[in-house]
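Here the structure is laid out as structure tokens; the discussion comes afterwards.
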Amino acid sequence: MAGTQIRDDGDLGWQSSQNNRSSRQGRQADSGRHCRTARAAGSLAVCALLGAIACAPKQLIPLDVSPISTSVYLDGEQLDTLPRELKLRSDRDHTLFFKSEGHRPELIVLRSSLRDGKPRLDPARVQLRLAPLDPIRRELRIERDESVSSGSSVPPPPNAVQPRRRVDE
């Protein structure tokens, strides 16, 4: 057999099984190396993705919002408190939604654009005063006293000015 080394005692079986064993071990080693390489590449990809997110450019956006009881939603998620500033990724757009009871809600879109080769959010500062739903909201309540008949006159209030009577009467 060409390429097969024979032991001194001429036993081909031993050499064959030895070749099979080393071949299997080689395949397992290659497979292990492949798995380790794939795992390492996968880990690097995950690390690169997380690094890209962690290293994404950020911008500090100061907030000045009134009334203080305003609820804030950032990209559709409600924030627990009304922050004084937000640290946001500047490489993508963001939405800020503000609402407070008795006031008109407001939506502000922070747009990302390149300035001097760097992504920046615009507006760079949010200053907002929510407008009341009804700026002139006066309530007038008229009650009718059913005990007074329709033909009788109602006495004027005690501090009302009495009309003057004409002298010729």
Task: Protection proxy ranking, peptides 92-104, 72-84, average beta carbon neighbours within 10 Å, highest first - done: 92-104, 72-84
Task: Dipole magnitude (debye, nearest 20) for the range 70-115, charges at Cβ of Lys, Arg, Asp, Glu - done: 240
TODO: At a Cα cut-off below 19 Å, give the lysines reachable from LYS118, other chains included and same-chain residues fewer than 8 away excluded.
DONE: LYS58, LYS87
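Taken together, the values in this text are just the output of simple stated rules run on the coordinates, not laboratory data. Bear in mind that the values here come from a model prediction, so they are computed numbers and not experimental data. When we count neighbours, we look across all protein chains shown, and the Cβ atoms used for this are built from the backbone with ideal geometry, even at glycine.
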